[in-house]
Amino acid sequence: MHDAIVSVPEPINEPVLTYAVGTAERARLKEALASLENEVVEIPCVVGGERVFTGKVREVVMPHRHKHVIARFHAATDELAERAIKASLAARREWTAMRWEARAAILLRAAELLAGPWRQRMNAATMHGQSKTAHQAEIDAACELIDFWRFNASFAQELYRQQPKSAPGIWNMTELRPLEGFVFALTPFNFTAIAGNLPTAPALMGNTVVWKPAEAQVLAAWRIYELLEEAGVPPGVINFIPGLPHGSTNLLLDHPALAGIHFTGSTEVFRMMWKRVAENLDRYKTYPRLIGETGGKDFIVAHPSADPKALATAMVRGAFEYQGQKCSAASRAYIPRSLWDTIKAELADTISSIKMGDVSDFSNFMGAVIKQGAFDKHTQAIAEARDTSGMKIIVGGGTDGREGWFVQPTLITTEDPNVRHMKDEFFGPILTCHVYPDRAWTETLELVDRTSPYALTGAVFSRDRAAIMDAMTRLRDAAGNFYINDKPTGAVVGQQPFGGARASGTDDKAGSPQNLLRFTAARTIKETFVAPTDYRYSFLDGP
Ligand code: NAD
């Protein structure tokens, strides 16, 4: 349809289903989990729409039952990565020529497929593949991904609608062109929604994409790919190359047609890619856009006026949901002495009552951590705390890797606020607290600000407005998502656009117009209706 100015349907956030006992969704999810347990999904690469079984097979296991193989994927090779670049460049011509409303319609259809028939298949893959509980899978793999697709379509419309003024006799226009080349999307293990958003956001803006998902998330990533195919994403627009050896990513980074990187993952990997791109600057056709959301060392700082119960709840939920493997998870806390005496015992009781285990048993609040490497890292961090003078494990500290990679929710205190546990991202269920003297509020805010290189999320708890304002001012650069009397996790698309600066990334706010804009190159067009025919200006008529 050409002759209409259409409006994208008003986006609304997908309601979160409860999975309470007796609900239809609970029964359907249980069914999907059971069916997944009885199969081994065979996952190919897909390049230019063609499924390629490379024969370099790797197994995908359940983190909470790591002897149980749920999928086998065919890892991409160098040759396939090169084919993926060619396929994305070949698909570019038709995809960029397609009207944006048609591209948006494909993603809106994907959202509805996910909200309906695909919902439990996607949740089950995320639960068994990434060890998320039913609730954690629902808010990620279903709701957040649906929201990304619905809201991005509307944000794209908002961007395309922004047009310059036109003086009499001329017509000025701005066109947001797709980038010239291909976009390389690299996605993390911890959010199925991010895995879905990173390749599709640039695609919505007319780009074609080569997508390397994290190996530990490949099952749900494959479900996303299949769903997008059913929704109508044409062959070659998104090319799926799981398991490409890390060293081989240089093939894509070195290509003259690299037009952008859409990355979420660790700071170290993003920095490595940025350096590679910098070294390559002379060979690119256009400056690649670098969009990266990376690590965090997210804080909770409590003022003596904080509500102790609200604070304790936020600490537990913020630090331990999804085993602390959210980039936004609280992993350091600053608690005034007067409150610590009140909440310490309650925190210890609550945390030791948390049930952990196989996520298909819905009574578990926590599952396993993602892989052996993560398990080893957490075990070592806990051992280090045990051996450091001035540090104390208040609750937790146990790990058990026999059946699955289980790490107990662990609360640690440290007298020295500059230990590694207050600076480094462990990405596990470990919360380290520094108890400060009540009178040292201002100094503590300064400490929060300078301790870690990251600046992703943070929260202040207080019932004193002046203290809240003080924290907001002094911690202005310490977090891209700042929470007042709430846990620092759980950002909702369209409500709290997400991302941080400093070592946490380029702060391009996933699921926002700012993010989509990065995947466009604006062209300004001026048309003069009646062009001048004499070069002389009227002031030239006299001396
Ligand atoms: P990761 O850096 O290990 O992997 C991310 C992606 O990079 C994957 O696709 C992986 O295949 C690829 N990759 C990994 N090492 C590579 C290498 N050497 N060369 C090329 N590619 C490589 O991250 P992860 O463990 O999957 O995810 C956890 C990290 O992501 C944490 O640091 C977390 O804070 C961060 N994260 C940030 C946000 C955010 O919005 N800021 C959101 C989610 C996760």
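Laboratory data are not the source of any read-out in this text; all were calculated from the coordinates shown. What you see is a predicted model, and the numbers here were worked out from it, not measured in a lab. No Cβ is skipped: glycine too gets one built from the backbone with ideal geometry, and neighbour counts run over all protein chains shown.
Work from the charge dipole of the chain (Cβ charges, +1 for Lys and Arg, -1 for Asp and Glu, about the Cα centre) and give the residue of 74, 432, 89 farthest towards its positive end.
Checking the options against the dipole of the chain, the answer is 89.
Principal axis lengths of the chain from Cα atoms, whole Å, largest first?
86, 68, 49
Can you tell me the orientation of helix 145-161 relative to the chain, as the angle in degrees between its alpha-carbon axis and the longest Cα principal axis, to the nearest 10?
Approximately 40 degrees, to the nearest 10.
By count of other Cβ within 10 Å, fewest leading, how are 322, 287 ordered?
287, 322
What whole number of Å gives the distance from the Cα centroid of the stretch 63-80 to the Cα centroid of the stretch 152-224?
27 Å
Could you sort the peptides 74-80, 120-126 by per-residue average Cβ neighbour count (10 Å cutoff), highest mean leading?
In descending order of packing, they fall as 120-126, 74-80.
Normalising by the residue count of the stretch 298-484, find the relative contact order in percent from Cα pairs under 8 Å and 6+ residues apart.
29 percent
When only C-alpha pairs under 8 Å and at least 6 residues apart count, what is the relative contact order of the chain, in percent?
17 percent
Treating the beta-carbon of each Lys and Arg as +1 and of each Asp and Glu as -1, no other charges, what is the dipole magnitude of the stretch 298-484 about its Cα centre, to the nearest 20 debye?
Computed charge dipole of the stretch 298-484: roughly 180 debye.
Compute the distance from the alpha-carbon center of the stretch 468-543 to that of the stretch 1-44, in whole Å.
32 Å
From the backbone phi of the stretch 389-402, what are the Karplus-calculated ³J(HN,Hα) couplings (6.51 cos²θ - 1.76 cosθ + 1.60, θ = phi - 60°) in whole Hz, Gly and Pro given as x?
6, x, 10, 9, 8, 7, 8, x, x, x, 9, 8, x, 5
Any idea what angle helix 337-352 forms with the longest principal axis of the chain, computed on alpha-carbon atoms, 0 to 90 degrees, nearest 10?
90 degrees
Straight-line reach only, C-alpha to C-alpha below 17 angstrom: list the lysines that residue 285 could link to, leaving out same-chain residues fewer than 8 apart.
86
What is the fewest-to-most order of 184, 482, 427 by other Cβ atoms lying within 10 Å of their Cβ?
Going from sparsest to densest Cβ surroundings: 482, 427, 184.
Strictly over 21 Å apart at the Cα level, which of 275/371; 344/487; 326/487; 275/377; 132/344 would you flag in this model?
Long pairs (Cα-Cα over 21 Å): 275/371; 275/377; 132/344.
Can you tell which of 456, 306, 12 lies farthest toward the positive end of the dipole of the chain, using +1 and -1 charges on the Cβ of basic and acidic side chains (Lys, Arg; Asp, Glu)?
Value computed over the given set: 456.
Could you tell me how many degrees, from 0 to 90 and to the nearest 10, lie between the Cα long axis of helix 372-387 and the main elongation axis, the longest principal axis, of the Cα atoms of the chain?
Between the helix axis and the principal axis of the chain, the angle is about 50 degrees.
As a check on your grasp of the helix formula, calculate [θ] at 222 nm for the chain: sum -39500 (n - 2.57) over DSSP H runs of n ≥ 4, divide by the residue count, round to the nearest 500.
-11500 deg cm²/dmol
Which length gain, in nm to one decimal place, applies between residue 161 and residue 349 when the Cα-Cα distance is subtracted from 0.36 nm times their residue separation?
Here the segment from residue 161 to residue 349 would lengthen by 62.3 nm.
How would 456, 540, 290 line up from fewest to most surrounding beta-carbon atoms within 10 angstrom?
540, 290, 456
Tell me, in nm to one decimal, what length is gained between residue 418 and residue 2 on full extension, where the rule is 0.36 nm per residue of separation less the Cα-Cα distance?
143.6 nm
Report the label-to-label distance for residue 440 and residue 173 in nanometres (one decimal), using points 7 Å from each Cα along the Cα→Cβ vector.
Going from the residue 440 label point to the residue 173 one covers 6.3 nm.
Under a plain spin-label model, where a point goes 7 Å from the Cα along Cα-to-Cβ, how far apart in nm are residue 539 and residue 53?
Result: 7.7 nm between the two label points.
Kirkwood Rh, Cα Rg: Rg to Rh for the stretch 29-141?
1.04
For the stretch 199-355, with the dipole built from +1 on Lys and Arg beta-carbon atoms and -1 on Asp and Glu ones, taken about the Cα centre, which of 262, 343, 319 lies farthest toward the positive end?
343
Check the straight Cα-Cα distances from residue 309 and name the aspartates and glutamates below 12 Å, setting aside those fewer than 8 residues away within the same chain.
346, 486
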